[in-house]
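Every read-out reported here was derived from the displayed coordinates using simple, explicitly stated rules and does not represent laboratory data. From a predicted model like this one, the values you see are computed outputs, not experimental measurements. As a convention, Cβ positions derive from the backbone with ideal geometry for all residues, glycine included, and neighbour counts pool all protein chains shown.
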Amino acid sequence: MALKHQAPRGTRDLLPAELERWQWVEARARGVLARYGYGEIRTPMFEDYELFARTSGEASEVVQKEMYRFKDLKGRDLALRPEGTAGVCRAFLEHGLASQGRIHRLWYMGPMFRYGRPQKGRYRQFWQIGAEVIGTLAPGADVEIITLFVDLFEAWGFRDLTVAVNSVGTPAIRARYGEALRQWLAPAREKLSADSQRRLEENPLRVLDSKDPQDLAVLGERAATMPKLLDALDEEARAHWTAVLARLDAAGVRHEIDHGLVRGLDYYTRTTFEVHDRSLGAQSALGGGGRYDGLIEDLGGPPTPGVGFSIGLDRVLLMLEQRESAAAPAAGGVFVASMDATRIEVPALVRALRREFTVDCDLEERGFGAQMKSAGKSGARLLVLLGEEEWKRGEVVIKDLGSGDQQAVRREKLEDTLRERLRRPQESPAR
Ligand code: AMP
C-alpha cells in the first residue's frame, strides 16, 4: 500500500519504545541541572530571521544554507530556530532579567531545525539540551559550564570524556588571525572547495570548520604550519585562557587543546569547547559551546558576557543505543485480572490504583486465560486477581508473576501491600 504521507525528509517520529530511553536521558539531565541550580527557560521555536542572521553570522553555514526561513501570512520574516542561545539572550533582554540579579544560570531543551543533508546523526529537526551562564566574564563561569557539560554526559553513563578546548579571542583578535589564516591558505586556494574559497574572502575562520573532504585534505596537509589562534591572543584574552585551563585542571576535567576548534557560529569569543565520539562517523560532535561576550550587546543590550553549551540529544541517544546501556527498566507494574463475575469492578479498581501505581488490564474483557497471557507479556511484576469468592469476602489475590507466590489481602490493604511488595527486590522465577 502506498502511503499518502510520510514524515518530512530529515524528520523522525519517536515511538513509545524509543521514548522510554529519551525520557530517561531527559530525567537524568534535569536532575543534574537542578543540583547545579540552573533554571529552565522555554523560548519560541521560531523567531525573527534577523535574530539568527545577526548572531550566528551571515557567513555561517547555518545562516547561508540551513535556515528554515519563511514568511507568515502578514509577511513577517521568520525562521525556525537553528539553535537555542540567540532566543535565550533575546528573552533575557526582553524581560529585563539583568535587573533581577547579576548572574543568571539558565537551561533549555527542545527541537532545533537545520536544513542540512540528512544522514546518520544529522536531522532537519533535532533536539538539543543547553545551558547558559549570563552576566559574568569570570573564568569560573567557563569552568562551571564545562564541568556541567561533562557531568551531564557522565549522568548518561559516558566515561573518560576528553573535552577539546580552544580560545577564539575577541573579534579584533580574530580579524588579525583571519588575515594570517588567509595568507597561510593562499597558496592552496585553488584546491579548496568553492564554498571555502568564498569563506576565505568573507570569514576565513569558517574554512577551519568545513566538513568538505577536499578542504579537510588541504587542512590536513598543511596542519604543521597552521597559524594558531592561541598565539594571536592579546594579554587579557591570554590571562583568561590560562585561568580557565588552570581551573579545569583543578576541577579534574580532562581536556586537550584543539587549535582548529573555532565552532560554527560567529558569536563565540574566548573559550570554545566540544566533545566528539568518532564512532558516530562523520557527524561525531556530541556537543559544544563557548563564550559569547558580544552577543547581547549585538542585540541592542548593555555589554553582558555569557558562556554556554548545547548537546545534541539525538546523537547522545544513538551512542546509548550503540552501547546498549539502556534505560533502567520501569520499576515493574501491576496487572489487574478478573473473572466473569468481577469484570465490572475492574475499571474502578484500576483507576484507583493508577493514582499511585503503573497498572495494566485487559481492555477487551476477554476470558481468564487470555488475560493471563497478556499479563505475562505486559512486563508487570504483580498480578492483582479479582476472584469471585475472594471479592465477595472483600479480598483480592496478589500473585508475583516472577516467583508465582500468591497472597490474599483485604481490599483496603491492597495499596499498602503493593507499595511494600514493589519496594522489595524482584524475586527470581520459581523453577
Ligand atoms: P552546534 O551548535 O552546531 O555545535 O550543535 C550542538 C550539537 O547539536 C552538536 O554537537 C550536535 O550534537 C547537535 N547537532 C547539530 N546539528 C545537528 C543536526 N542537524 N542533527 C542532529 N544533531 C545536530
Next on the checklist: At 7 Å along Cα-to-Cβ for each site, give me the label-to-label distance between T242 and E201 in nm.
Outcome noted: 4.1
Item to check | Degrees separating the helix 313-323 axis from the principal Cα axis of the chain, which is the longest one | outcome: 60
Checklist entry - Within the range 377-392, whose backbone N sits under 18 Å from a point 7 Å along Cα→Cβ of T417? => result 381-392
Checklist entry - How would you classify the range 1-51 from its alpha-carbon gyration tensor, with a ≥ b ≥ c the square roots of the eigenvalues: rounded for a/c under 1.5, else prolate if a/b is greater than b/c, otherwise oblate? => result oblate
Checklist entry - Which whole-Hz couplings ³J(HN,Hα) result when phi for each residue of the range 39-46 is put into the Karplus expression 6.51 cos²θ - 1.76 cosθ + 1.60, θ = phi - 60°, listed in order with x for Gly and Pro? => result x, 6, 10, 10, 10, x, 7, 10
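Which shape class applies to the range 116-164: rounded if a/c is under 1.5, otherwise prolate when a/b exceeds b/c and oblate if not, where a ≥ b ≥ c are the square roots of the Cα gyration tensor eigenvalues?
Numbers: a/c = 2.68, a/b = 1.54, b/c = 1.74.
Judged from the Cα gyration tensor, the range 116-164 comes out oblate (a/c at least 1.5, b/c at or above a/b).
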Checklist entry - Can you tell me the Rg and Dmax of the range 80-206, counting just the alpha carbons, in angstroms? => result 18.6, 53
Checklist entry - Across the range 47-54, in residue order, what do the Karplus-derived ³J(HN,Hα) couplings come to in whole Hz, using 6.51 cos²θ - 1.76 cosθ + 1.60 with θ = phi - 60° and x for Gly and Pro? => result 9, 4, 3, 4, 4, 6, 4, 6
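Please give the FRET efficiency for F368 paired with E20, using the beta carbon to beta carbon distance and R0 = 25 Å, rounded to the nearest 0.05.
0.25
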Checklist entry - Going by how many other beta carbons lie within 10 Å of each one, how would you line up F357, F368, fewest first? => result F368, F357
Checklist entry - K71 to A217: extension gain in nm, 0.36 nm per residue of separation minus the Cα-Cα distance? => result 48.6 nm
Checklist outcome for this item: Between the Cα axis of helix 139-155 and the main Cα principal axis of the chain, the angle (0 to 90°, nearest 10) is 40
Item to check | Compactness relative to 2.2 N^0.38 Å, alpha carbon Rg of the range 157-300 | outcome: 1.08
Checklist outcome for this item: In degrees rounded to 10, the 0-90 angle between helix 171-185 Cα long axis and the longest Cα principal axis of the chain is 80
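Tell me, D77, D258 in order of fewest to most beta-carbon neighbours within 10 Å?
On the way: D77 12, D258 16.
By the 10 Å Cβ count, ascending, the order reads D77, D258.
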Checklist entry - Rounded, prolate or oblate: which one fits the range 290-392, using the alpha carbon gyration tensor with axes a ≥ b ≥ c (rounded when a/c is under 1.5, else prolate when a/b beats b/c, else oblate)? => result prolate
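Once the Cβ-Cβ distance between T225 and T11 is put in as r, and R0 is 45 Å, what FRET efficiency do you end up with, to the nearest 0.05? Don't skip to the answer; put the middle values down first.
On the way: r = 43 Å, r/R0 = 0.96.
That gives a FRET efficiency of 0.55.
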Checklist outcome for this item: Going from the fewest other Cβ atoms within 10 Å to the most, one would list L3, L280 as L3, L280
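Would you please put 385-391, 6-12, 204-210 in order of how densely packed they are, using the mean number of other Cβ atoms within 10 angstrom per residue and starting with the highest?
Details: 385-391: 17.3, 6-12: 11.6, 204-210: 21.1.
Final packing ranking: 204-210, 385-391, 6-12.
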Item to check | Where Cα atoms sit under 30 Å apart: lysine pairs in the chain separated by 8 or more or lying on different chains | outcome: 21
Item to check | Mean shadow area of the range 351-431 over all directions, Cα convex hull, nm² | outcome: 5.7
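Could you give the length gained on full extension between R159 and V397, defined as 0.36 nm per residue of separation minus the Cα-Cα distance, in nm?
Working: separation 238, 0.36 × 238 = 85.68 nm, distance 4.55 nm.
Full extension of this stretch gives 81.1 nm more.
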Checklist entry - Residue by residue, what Karplus-based ³J(HN,Hα) values in Hz, rounded to whole numbers, does the range 212-224 have, using 6.51, -1.76 and 1.60 with θ = phi - 60° and x for Gly and Pro? => result 5, x, 4, 5, 4, 5, 4, 5, x, 4, 9, 3, 4
Checklist entry - To the nearest 0.05, what FRET efficiency results for R410 and A186 with a Förster distance of 60 Å applied to their C-beta separation? => result 0.10
Checklist entry - For the chain, how big is Rg over Rh, using alpha carbon atoms and the Kirkwood form of Rh? => result 1.10
Checklist entry - For the chain, what does -39500 (n - 2.57) per DSSP helix run (n ≥ 4), summed and divided by total residues, give at 222 nm, in deg cm²/dmol to the nearest 500? => result -11500 deg cm²/dmol
Checklist outcome for this item: Within the range 170-193, the residues whose backbone N lies under 20 Å from a label point placed 7 Å from the Cα of D234 along the Cα-to-Cβ direction are 170-181
